[in-house]
Amino acid sequence: MSKDKHNKAAEHHEAAAKSHKMAADTHGKGDMSAAHDHSKQAHEHSKKAHDASSDAHKSSEESNKK
C-alpha cells in the first residue's frame, strides 16, 4: 500500500517538474501567457505532490510501527 502512495507522489513530482520546464521554455521564447499557464499547472502539481508525499510518509511511519 505504501509503495503505491510513494509512486503516486513521484508521479505528481514528475508532472510538476515537467510543467516547470515547460513554463521556463515558453518564458524563454517570450510567450508569457503560456508560461503563466504552465506555472499555474506546476503549482497545482506541486501542491498535489506535497499532499501525496505527506500521505506516503504518514503511511510509511504507520507501517514501521507495526
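Please treat every number below as a calculation from the coordinates, not as lab data. These numbers were taken from a predicted model, which means no experiment stands behind them. Cβ atoms come from the backbone with ideal geometry, glycine included; neighbour counts cover every protein chain shown.
So which of SER63, SER46, SER19, SER59 ends up being in a helix (DSSP H, G or I), touching a helix residue (DSSP H, G or I) at 6+ places or on another chain (Cβ under 7 Å) and loosely packed, with under 15 Cβ neighbours inside 10 Å? It would help to see each step written out before you state the result.
Details: SER46 fails: loosely packed, with under 15 Cβ neighbours inside 10 Å; SER19 fails: loosely packed, with under 15 Cβ neighbours inside 10 Å; SER59 fails: loosely packed, with under 15 Cβ neighbours inside 10 Å.
Answer to the selection: SER63.
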> Quick one: what pairs do we get from segment 8-30, first residue more than 18 Å from ASP51 (Cβ to Cβ), second hydroxyl-bearing (Ser, Thr, Tyr), C-beta under 6 Å, 6+ apart or different chains?
Replying inline: ALA23/SER39
